[in-house]
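K.L.:
Have a look at this one.
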Amino acid sequence: MLTLMLSRLRCQWLFAVSMLVIVGTSPAFGAESQGAASAQSNYNTKCARCHGESGKGNGMQARMLFFMMKMPDLADSAYMQTRSDDALFQIIKAGGKAGMPAFGLKLTDPEMRELVAYIRGFSKTSGSPKPASAVR
Ligand code: HEC
């Protein structure tokens with residue numbers, strides 16, 4: 001009787017361990033840690049509420065707080081041509097003085113670089129190749 005119980009227990013234990021292994025290695029559960037969200041989905045969930053879907057600065061939150069926030073037009077190519085990729089990256093990472101929140105703790109550097117590239121798409125500018133030291 002006792003041996004039977006013991007072997008049952010061992011069976012259950014083995015089962016539990018193998019479940020953990022399966023869960024730990026299955027792609028569905030690993031996705032969160034491996035997968036950086038795409039720039040587009042990051043933009044739409046974290047930025048569009050202020051900057052608007054196409055970068056014009058007309059997101060819901062910007063419209064409600066229009067008296068507090070001076071929104072840049074990320075789709076204005078004349079303006080965006082004057083901004084270097086490094087300047088855009090820095091403001092995303094560290095935030096701005098006029099209401100732009102810092103995302104340095106929420107996003108990884110590569111994710112923020114991808115956001116810069118994504119934002120460039122709004123104005124179809126390429127970013128002047130200034131070195132970081134020449135900015136600001
Ligand atoms: C709470 C509203 C808000 C959110 C959310 C927000 N921004 Fe901004 N953003 C601003 C404001 C206001 C400015 C103007 C600059 C400042 O604050 O100094 C700005 C400026 C910028 C600039 C600089 C443009 C320039 O003039 O050079 C970039 C690039 C930018 N934001 C990208 C982003 C990205 C990418 C996200 C999402 C990860 C984001 N922003 C989320 C409000 C917001």
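K.L.:
If I ask for residues that are closer than 19 Å to Met112 by Cα and more than 7 Å from the ligand (Cβ to nearest atom), which ones from the stretch 57-80 would you list?
P.N.:
Residues satisfying the conditions are Gly57, Asp73, Ala75, Met80.
K.L.:
Based on what the data block shows, is Met60 at pLDDT below 95, under 20 Å from the mean Cα position of the chain (by Cα) and loosely packed, with under 12 Cβ neighbours inside 10 Å?
P.N.:
Taking the combined requirement at face value, the residue satisfies it.
K.L.:
Now a separate question. Could you go through the stretch 80-95 and let me know if any residue there is closer than 11 Å to Phe122 by Cβ and either surrounded by 14 or more Cβ atoms within 10 Å (Cβ to Cβ) or under 17 Å from the mean Cα position of the chain (by Cα) (or both).
P.N.:
yes
K.L.:
Restricting to the stretch 56-115, give me the number of residues that are among the aromatic types (Phe, Trp, Tyr) and closer than 15 Å to Asn44 by Cβ.
P.N.:
Total meeting the criteria: 1.
K.L.:
Write out, first by first residue and then by second, each pair whose Cβ atoms fall under 7 Å of each other, whose residues are 6+ apart or on separate chains, and whose first residue, in the stretch 107-124, is under 17 Å from Gly55 (Cβ atoms) while the second is more than 10 Å from the ligand (Cβ to nearest atom) and outside any helix (DSSP H, G or I).
P.N.:
Here the result reads Arg120/Ser126; Arg120/Gly127; Phe122/Ser54; Phe122/Ala75; Ser123/Ala75, each pair linking the stretch 107-124 to a residue that is more than 10 Å from the ligand (Cβ to nearest atom) and outside any helix (DSSP H, G or I).
K.L.:
Can you list the helices (runs of 4 or more DSSP H) lying wholly within the stretch 68-133 that have 1 or more residues being within 15 Å of Ala39 (Cβ to Cβ)?
P.N.:
In the stretch 68-133, the matching helices (runs of 4 or more DSSP H) lie at 85-94, 109-123.
The values are calculated or read from the model by the stated rules, or taken from the named source; none is laboratory data. Not measured: the values here are computed from a predicted model. Glycine also receives a Cβ, built like all others from the backbone with ideal geometry; neighbour counts cover every protein chain displayed.
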